[in-house]
Amino acid sequence: MASTLGLLRRLAAENVDFVLVGGMAAVVHGSASVTEDVDVCIRFDEPTLRSVFRALEGLNARERMNAARPTLGSDPLRFVGYRNLYLTTDHGVIDFLGELTGLGSFDRVSAHAVTLQVGDFSVRVVGLEDLIISKRTLGRPKDHRVARELELVLAQSRNSKT
């Protein structure tokens, strides 16, 4: 978990415009699920990718979906327009997603994001209702379990406000 937080802290320190999604977002919202990677939604444009590269500097970032496991390299422009980028680093696995299943583009995900405390810093996190939609849309058994758990968290949140 410490290395996962380290990855997020690096992104935040470099002012990467991102939204935390996936399993770690579920944990931040109150899920008891366990995750070993970080999923973030970003724009695959030049400014964002330059910030990502600065954040990952010195972490031996490698493309994990490529059998050759090439290093990330030094040219962020080659990734402009990508939809996803799956990496392994010395601090763990991080997936950069250009859109979120069930929701759409970064702009849509970002529009409903909330700012939450993660460790000793704040990050934007996909909204709870949006995360439930995404988990339901993914359709995998583990995502359905997390969606049910998050629905309980949402119900408790609504009940505490009344």
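Summary of values
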{"item": "Charge context of residue 144, other residues only, Cβ under 13 angstrom, K/R +1, D/E -1", "result": "+3"}
{"item": "Lys, Arg +1 and Asp, Glu -1 on Cβ, resulting dipole of segment 1-85 about Cα centre, debye, nearest 20", "result": "140"}
{"item": "Choice from 90, 107, 75 with maximal GNM fluctuation in the chain (Cα, 10 Å cutoff)", "result": "75"}
{"item": "Contour excess over end-to-end distance, with Cα ends at residue 111 and residue 144 and 0.36 nm allotted per residue", "result": "9.5 nm"}
{"item": "Whole-number accessible area per residue in Å² for segment 24-87, which is evaluated in the context of all protein chains at 1.4 Å", "result": "51"}
{"item": "In Hz, Karplus ³J(HN,Hα) per residue of segment 35-41 (6.51, -1.76, 1.60; θ = phi - 60°; x = Gly, Pro)", "result": "9, 10, 10, 10, 10, 10, 9"}
{"item": "Dipole moment magnitude, nearest 20 debye, the chain about Cα centre, only Lys, Arg, Asp, Glu C-beta charged", "result": "320"}
{"item": "Formal net charge of residues neighbouring residue 73 (Cβ-Cβ distance under 11 Å; K, R +1; D, E -1)", "result": "0"}
{"item": "Positive-end residue of 44, 29, 81, charge dipole of segment 25-162 with Cβ unit charges", "result": "29"}
{"item": "Accessible area of segment 28-162 belonging to carbon and sulfur atoms, whole % at 1.4 Å probe", "result": "49"}
{"item": "Proximal charge balance of residue 115 [Cβ under 14 Å; K/R count +1, D/E count -1]", "result": "0"}
{"item": "Label selected from [x] 16.1; [y] 18.0; [z] 15.4, the criterion being Kirkwood radius over Cα pairs in Å as computed here", "result": "[x]"}
{"item": "Residue-normalised accessible area of segment 104-145, given per residue in Å² at a 1.4 Å probe", "result": "51"}
{"item": "Positive-end extreme of charge dipole, segment 37-162 - chosen from 97, 53, 138 (charges on Cβ)", "result": "138"}
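The values are calculated or read from the model by the stated rules, or taken from the named source; none is laboratory data. This one's a predicted model, so the numbers in the text were calculated from it and none came from an experiment. Virtual Cβ from ideal backbone geometry, glycine too; neighbours counted across all protein chains shown. Areas reflect the complete protein model, heavy atoms only, side chains present, ligands, DNA and RNA absent. Shrake-Rupley method; radii C 1.70, N 1.55, O 1.52, S 1.80 Å.
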